[in-house]
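Taking it in order: structure first as structure tokens, then the write-up.
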Amino acid sequence: MQPVEVTAGDSPIVLGVPHAGTYVPPEIWADLNETGHKLADTDWHVDRLYSGLLPGATMVKANFHRYVIDANRDPAGVSLYPGQNTTTLCPTTDFNGHPIYLDGREPDEAEIEARRLAWHAPYHAALKAELERVREKHGIAILYDCHSIRSVVPYLFEGTLPDFNTGTNGGTTCAPEIEKAVVDVTAKAGGYTSILNGRFKGGWTTRHYGQPQTGIHAIQMELAQSTHLVSEDTPFAYDEAKADRLRVHLGAILQSLAELGVTR
């Protein structure tokens, strides 16, 4: 299994998909318990959700599961949200705080480093290369980092998550007009709720690559999975009708960003 899959396009938009992969190497699978085998924390069907929405968009997708290593975590292991519950570079619990490994089988430092080199590093090498290619062509690259999560996860946040959760780390990872373009669409999306820089302010990918002064802008979209799944539990099936309604708004976001990318 290749760590990363790249679909290269000619627009200013690069779609990052770090958490839709479900591949777990057999030797790691053997160490996971029943909770881990459920793979419940997958960003289910996010690649499908965004596929074909914007002609010419580049997509960089991690094929490995986040339980192998989380492609949206700092490789140095620094927490994204100090003082709040979250999962680590190589998670040992799920989003409910429950262990995902059989007793005594959690990865040690040497294993974490081996996974970083085998999986995390290739994904980010590919993402960096695509951002640089797009920036060279257009003078700008806009990284739109695609995510989803269950709408109710008490271990991570209180209450029910809004449908659209836009993150720019307090406006630091992209130009104001790029942030505004996204928020304008989500705020007007009938029947949906939205928030800017709420519980999800942008993960390591958004914060690491989002350097507007260099011509690379980054924004994270965390979708509540209730917007496009039949149920937020096994088998996490894709709901065509829900997804089609949602894709209208996602397409509007990407089109607006693409227009900004060619006019800035």
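Our coupling estimate for segment 64-75, obtained by passing each phi through the Karplus curve with A = 6.51, B = -1.76, C = 1.60 and θ = phi - 60°, is 8, 7, 5, 6, 5, 6, 8, 5, 10, 10, 4, x Hz, Gly and Pro reported as x. The GluC sites (Glu not before Pro) found in segment 80-180 that occupy coil by DSSP, while having at most 10 further C-beta atoms within 10 Å, are 158.
Over segment 4-263, what is the percentage of antiparallel beta bridges among all DSSP beta bridges, to the nearest 5? Looking only at bridges with both residues in segment 4-263, the antiparallel portion is about 35 percent.
Positive end of the dipole of segment 1-157 (Cβ unit charges, origin at the Cα centre): among 72, 39, 138, the Cα lying farthest that way belongs to 138.
With r defined as the distance between the Cβ atoms of residue 105 and residue 23 and R0 fixed at 25 Å, what FRET efficiency is calculated, to the nearest 0.05? Intermediate values should be presented prior to the final figure.
Details: r = 19 Å, r/R0 = 0.75.
Efficiency for this residue pair is about 0.85.
Taking a ≥ b ≥ c as the square roots of the eigenvalues of the Cα gyration tensor, an a/c ratio of 1.5 or more together with a/b no larger than b/c marks segment 92-158 as oblate. Counting only Cβ charges, +1 for Lys and Arg and -1 for Asp and Glu, the dipole size of the chain around its Cα centre is about 800 debye. The alpha carbon centroids of segment 197-244 and segment 1-77 are separated by 12 Å. Partners of residue 137 within straight-line reach, counting aspartates and glutamates whose Cα lies under 12 Å from its Cα and excluding those fewer than 8 residues away in the same chain: 10.
The stretch between residue 242 and residue 259, if pulled fully straight at 0.36 nm per residue, gains 3.5 nm over its current Cα-Cα span. Close amide H partners of residue 101, meaning residues 5 or more places away or on another chain with modelled amide H under 5 Å apart, are 33. Extension gain, residue 152-residue 230: 0.36 nm per intervening residue step, less the Cα-Cα distance, totals 26.6 nm. Projecting label points 7 angstrom from Cα along Cα→Cβ for residue 114 and residue 5 puts them 2.7 nm apart.
Can you list the lysines whose alpha carbon sits under 21 Å from that of residue 180, skipping same-chain ones fewer than 8 residues off? Qualifying lysines at Cα under 21 Å: 188, 201.
All of the numbers you see were taken from the coordinates with simple rules; none came from a lab. Worth saying up front: this structure is predicted, and the values here are computed from it rather than measured. So basically every Cβ, Gly included, is an ideal-geometry build from the backbone, and we count neighbours across all protein chains shown.
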